[in-house]
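Read-outs throughout are calculated quantities, based only on the coordinates presented, and are distinct from any laboratory measurement. As the structure is a computational prediction, the values presented were derived from the model and not from experiment. Here the Cβ positions follow ideal geometry from the backbone for every residue, glycine too, while neighbour counts run over all protein chains shown.
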Amino acid sequence: MRRQSATVHELAQVELLAGLPGETLAALGERMERRQLMPGERVVAEGDEGDRFYVVIAGVLQAAQADRGERGLLRPGDYFGEVALLMGVPRTASVQAVSPATVASCDRATFDELVRPAFTS
């Protein structure tokens, strides 16, 4: 069995995903890519095309907008990237690590199949 990049336990900590069936969380975890970040490392840039959905596994990240400044901190259990995927618009904010951090992300097809239904329920 290949190692999941995000475990069912980690994904269940995300309020949006907590209500999904265990099989769905397991499938999502298997398709996600885990990434380690150093402080200051950018994950997404405002204005870029949105092609991935992210969950914060560990650490702290900062969301910011060019015209509005800092928009808030993201901690384990938080998620980002959904606006670009749901609405088909460019990234609405830049996100970078404040501390050493770990994120897991999935591509648009996986998001559409397994995550999008959580937004409509």
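What the table below lists for this structure:
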read-out: Percent RCO, i.e. relative contact order, over the chain, from Cα pairs under 8 Å lying at least 6 residues apart; value: 34 percent
read-out: Prolate/oblate/rounded label for region 8-120 (Cα gyration tensor, a/c 1.5); value: oblate
read-out: Computed FRET value (nearest 0.05) for Ala118 with Arg34, which takes r as the C-beta separation and R₀ as 22 Å; value: 0.60
read-out: Arg71-Glu41 FRET efficiency (beta carbon distance; Förster radius 22 Å; 0.05 resolution); value: 0.75
read-out: Fully extended contour minus Cα-Cα distance, from Leu16 to Asp51, at 0.36 nm per residue; value: 10.7 nm
read-out: Segments 65-73, 26-34 sorted - mean Cβ within 10 Å per residue, highest first; value: 26-34, 65-73
read-out: Cα-based helix-to-principal-axis angle, 22-31 vs the chain, degrees rounded to 10; value: 60 degrees
